[in-house]
Amino acid sequence: MITPSLNSYVLLSAALFAIGFWGVLVRRNTLVIYMCLELMLGAATLALVAFSRFNHTEDGDIFVFFILTVAAAEVAVGLAIIVDLFRLRQTVQVDELDSLKR
Amino acid sequence: MESIAFDLLSAFTLLCALGVVLSKNAVNGAMCMLLCLAGIAGLFVELHAYLLAFVLILVYGGAVVMLFLFIVMLLDMQGGQRWRFRRAQVVGALISAALLICGLDLLAMRGRLPSAAPVDHGVGSSLSFYSYQLFTTYMLPTQVIGFLLLIAMLGVIVLSRRHRPSPES
């Protein structure tokens, strides 16, 4: 039985991270940018789990636990900020949120 | 057998990730993200991290994506357009993307990460392992994470307390 190597897992997580980063650069909607950030976090957790499994430790899995917790807290605070921003400016498009530029 | 499952799951995950980036509608994007997270959970299962797959579905699929959908519904937003880039920016981006792909391809061809053959743990043993580690070796990070969650909760309550009048009007 051929198991996929660590290389393929790391490449997959790199591709996933790149797609998330592309989304952050290309999209203008703050919520979609946030979703792409979550994709990047998911890619990082995938790499951590693969490394820890192929190196006979499980410390990486524990770190993934912490990453999941921090991501949940981050999403809650970020979405609250987005809702507050929408109340204030009636938009969530990032190129219209430029009050610090002026 | 496992390799076929890996190929299918990785293709599915990457396609759904592309769906998040490319979908015009934010609701479709959130649904694609849910499927993408399911794919990542499947990869976790293949890496024998069963508990993490379960937690990922529970926390991300159950809480985070639902929160996203809730906010999309609340703000009643359309997907929004892309940036309109200048030609020089597009050319530069294409060149740097090609360089990055070349580098990654070289790494994939030449590079060999040193890795031992994976070992199998039972399902139940990993659960007791996690709990043992969380309450012995990683006691301090667990406490800090608890405080972080408390602070995040307080921050969200403060942020969404009342409707302030806009300072610009």
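Just so it is clear, none of the values below were taken in a lab; they were calculated from the coordinates. All values derive from a computational prediction rather than experimental measurement. Every residue, glycine as well, gets a Cβ built from its backbone with ideal geometry; the counts of neighbours run over all protein chains shown.
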**Request:** Amide H neighbours of A:Thr3 under 5 Å, at least 5 residues apart or on other chains, H built in the peptide plane: list them.
**Result:** none
**Request:** Going by C-beta contacts inside 10 Å, put B:Asp7, A:Asp61 in order with the fewest on the left.
**Result:** B:Asp7, A:Asp61
**Cα shape, segment B:1-81, gyration tensor, a/c 1.5 rule** = oblate
**Request:** Assuming a ≥ b ≥ c are the square roots of the Cα gyration tensor eigenvalues, decide whether chain A counts as rounded (a/c under 1.5), prolate (otherwise, with a/b larger than b/c) or oblate.
**Result:** prolate
**Prompt:** Any idea what angle helix A:30-54 forms with the longest principal axis of chain A, computed on alpha-carbon atoms, 0 to 90 degrees, nearest 10?
**Reply:** 10 degrees
**Prompt:** Could you put B:Phe44, B:Phe147 in order, starting from the residue whose Cβ has the fewest other Cβ atoms within 10 Å?
**Reply:** B:Phe147, B:Phe44
**Prompt:** To the nearest whole percent, what portion of all C-alpha pairs in segment B:122-162 is separated by more than 14 angstrom?
**Reply:** 62 percent
**Prompt:** Which angle between 0 and 90 degrees, to the nearest 10, do you get for helix A:59-89 versus the longest principal axis of chain A when only C-alpha atoms count?
**Reply:** 10 degrees
**Complete:** Taking B:30-38, B:61-69 and ranking on average Cβ neighbours within 10 Å, highest first, one gets B:30-38, B:61-69
**Prompt:** Across peptide A:79-90, what mean number of C-beta atoms from other chains lies inside 10 Å of a residue's C-beta?
**Reply:** 5
**Asked** Averaged over B:47-58, how many beta carbons belonging to a partner chain fall within 10 Å of each residue's beta carbon?
**Response** 4
**Request:** From other protein chains only, count the Cβ atoms within 10 Å of every residue's Cβ in A:40-51, then give the mean.
**Result:** 4
**Item:** Note, ³J(HN,Hα) from phi for segment A:90-102, Karplus 6.51, -1.76, 1.60, rounded to Hz, x at Gly and Pro
**Value:** 6, 8, 10, 6, 5, 7, 9, 8, 10, 5, 6, 6, 8
**Prompt:** If Lys and Arg each add +1 and Asp and Glu each add -1, what is the summed charge of the other residues whose beta carbon sits under 12 Å from the beta carbon of B:Leu67?
**Reply:** -2
**Asked** For segment B:147-160, in order, what is each residue's ³J(HN,Hα) by Karplus, 6.51 cos²θ - 1.76 cosθ + 1.60 with θ = phi - 60°, in whole Hz (x at glycine and Pro)?
**Response** 5, 4, 5, 4, 5, 4, 4, 5, x, 5, 5, 5, 5, 9
**Request:** Show me A:12-20, B:152-160 ranked by packing, highest mean number of other Cβ atoms within 10 Å first.
**Result:** A:12-20, B:152-160
